[in-house]
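Input: a single structure, listed below in structure tokens.
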Amino acid sequence: MFQRNSVNVGYNVQASIDSKNKLLVEYETGDVNDTHALSTMAIATKEILKVEKMDVLADKGYHTGEELMECEKENITTYVSPKAPSTKDTGLYPVTSFVYNREEDTYTCPAGETLTTNNVWYNHSNPGNNPPYRFRRYTTPACKTCANRDKCTKQKQNGRTIDRSEFADSMERNNCRVIANPNYYRQRQQLAEHPFGTLKRQRGFIFTLMKGKEKVLGEVGLEFIGYNLTRCVSIIGFIELCKALKKVLFNYFKPHSTILFKPF
Ligand code: SF4
């Protein structure tokens, strides 16, 4: 598993939890890190829950433009904590000081000038395993005579350029939702801590005994089933759980019609 520019030997288990009952819904592991896990997990969870639309709450490790856009396409509303902009201080105006004007599709720079795009989509090849993405470039001829130019760009010939990725709209909509609904987003930690706190602290599930994706998923699945069964006892009670299990198992083994539980 490649994480934060280092290699960790282990399995990065992804899991989704439903907010109503705090049950584990979907889980997966493999060589995908958090950055590219959001849409796959969210879409699989939506299919399991059989819902038309769904909200998904995730921490900033999952904040990737492409993933946010994929969720939007599937009627999944994201609340993913925005990543802080790069803190690398170049001594130049940061990109955050340029304001995007959605209706005009332009940017306003710190000098109040308007940057426009020629509407050409360029390809940006990402380093590492990251897929390439497309972007449009915004410029203004005002840079040529700008008194603030030294504070804005080191480009000798061309002025300052602002690149806007094809995922920027999805990212901005997500970021606005998170900022506008801080209490809603805060539920993420409570939801995630409920099962993982129980599994790790109470049941000591901090490592797997098995190796290999298939076996690890099997082991994780057993732990998660155990957790969900305990939750179900708390939610609907032991008797109702047994009745529900009986119904499920009866349907599963229907051809044999075997009585699996004594009737209550
Ligand atoms: S250099 Fe260009 S983009 Fe930067 S402040 Fe001046 S006019 Fe605006």
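Worth a mention:
- Where the Cα pairs of region 71-122 fall when distances are cut into 5 Å bins, in %: 4, 14, 15, 14, 22, 20, 8, 3, 0
- Most fluctuating residue given options ILE76, ILE162, ILE239, as computed from a GNM of the chain linking Cα atoms under 10 Å: ILE239
- Among TYR79, TYR62, sorting on how many other beta-carbon atoms sit within 10 Å of each Cβ, with the fewest leading, yields TYR79, TYR62.
- Put a plus charge on the Cβ of each Lys and Arg, a minus charge on the Cβ of each Asp and Glu, and nothing anywhere else: the dipole of the chain about its Cα centre is then about 540 debye.
- Label-reachable residues, region 152-182, where backbone N falls under 19 Å from a point 7 Å from TYR93's Cα toward its Cβ: 152-165
- The LEU191 and VAL248 beta-carbon pair, evaluated with R₀ = 30 Å, returns a calculated FRET efficiency of approximately 0.75.
- Only alpha carbons enter this Debye calculation for the chain, each as an equal point scatterer, and the log10 of I(q)/I(0) it gives at q = 0.08, 0.09, 0.11 Å⁻¹ is -0.48, -0.58, -0.79.
- The label-point distance for THR114 and ASN183, in a model that sets each label 7 Å from Cα toward Cβ, rounds to 4.1 nm.
- Candidates ALA147, ALA180, ALA58, ranked by Gaussian network fluctuation over the chain, Cα under 10 Å, top entry: ALA147
- Eligible lysines near LYS151 by straight Cα distance, threshold 18 Å, same-chain separation 8 or greater: LYS88
- Spatial separation of Cα centroids for region 114-184 and region 15-38, in angstrom: 31
- Spin-label pair VAL233-LYS156: with each label point 7 Å from Cα along the Cα-Cβ axis, the two points sit 7.5 nm from one another.
- Taking all Cα pairs closer than 8 Å and separated by 6 or more residues, the relative contact order of the chain comes to 15 percent.
Computed from the coordinates by the stated procedures, all read-outs in this text should not be read as laboratory data. Bear in mind the structure is a predicted one, so any value in this text is a computation, not a measurement. Glycine also receives a Cβ, built like all others from the backbone with ideal geometry; neighbour counts cover every protein chain displayed.
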